[in-house]
């Protein structure tokens with residue numbers, strides 16, 4: 001399930017989208033054990049009135065293997081990718097979703 005949204009004030013080129021998307025997909029599969037078909041990544045153009053110029057939000061299905069260590073690894077890798085490809089250190093927020101409270105389709 002990981003659903004990742006990257007909100008950025010900067011214009012992001014298709015090449016940057018490809019590189020960051022690939023990095024994030026690999027992190028999700030390797031660290032969060034997500035199935036490729038369950039990963040959703042969206043880049044959203046935003047006006048950032050306050051705070052960091054880039055915000056990454058991830059919602060993921062709570063699982064025992066998605067522990068603090070896995071999330072730390074994901075955040076480190078995501079930060080590294082966005083810094084390398086956009087030249088910006090993002091604000092990162094990860095939210096677990098309890099399976100009992102989750103309704104989903106497709």
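The values are calculated or read from the model by the stated rules, or taken from the named source; none is laboratory data. Every value quoted in this text rests on a predicted model; they were computed, and no experiment measured them. Quick reminder, even Gly has a Cβ in these numbers, built from the backbone with ideal geometry, and neighbours come from all protein chains shown.
Can you say whether residue 6 is at pLDDT 95 or above and touching a strand residue (DSSP E or B) at 6+ places or on another chain (Cβ under 7 Å), as far as the supplied structure shows? When the stated conditions are applied, residue 6 passes them.
Could you grab me the full set of residues in the range 85-94 that are part of a helix (DSSP H, G or I) and in contact with a helix residue (DSSP H, G or I) (Cβ under 6 Å, 6 or more places away or on another chain)? Residue satisfying the conditions is 85 alone.
Among the residues of this structure, residue 21 counts as one that is crowded, with 17+ Cβ neighbours inside 10 Å, touching a strand residue (DSSP E or B) at 6+ places or on another chain (Cβ under 9 Å) and part of a helix (DSSP H, G or I).
Every residue, every condition in (1) assigned to a helix (DSSP H, G or I); (2) touching a residue at least 60 places away in the same chain (Cβ under 8 Å); (3) in contact with a strand residue (DSSP E or B) (Cβ under 9 Å, 6 or more places away or on another chain), yes or no:
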| residue | (1), (2), (3) |
| --- | --- |
| 34 | no, no, yes |
| 49 | no, no, no |
| 60 | no, no, yes |
| 71 | yes, no, yes |
| 74 | yes, no, yes |
| 80 | yes, no, no |
| 83 | yes, no, no |
| 96 | no, no, yes |
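The single condition among (1) surrounded by 15 or more Cβ atoms within 10 Å (Cβ to Cβ); (2) within 12 Å of the chain's Cα centre (by Cα) that residue 76 does not meet is (1). Among the residues of the range 79-90, those that are over 11 Å from the mean Cα position of the chain (by Cα) and within 15 Å of residue 7 (Cα to Cα) comprise 83, 85, 86, 87, 88, 89.
Restricting 25, 18 to those that are under 14 Å from residue 5 (Cα atoms) and at pLDDT 95 or above reduces the list to 25. As for the range 40-50, it holds no residue that is on the phi > 0 side of the Ramachandran plot and either crowded, with 17+ Cβ neighbours inside 10 Å or modelled with pLDDT of 95 or more (or both). Of the residues making up the range 46-68, those that are farther than 12 Å from residue 96 by Cβ and under 15 Å from the mean Cα position of the chain (by Cα) number 4.
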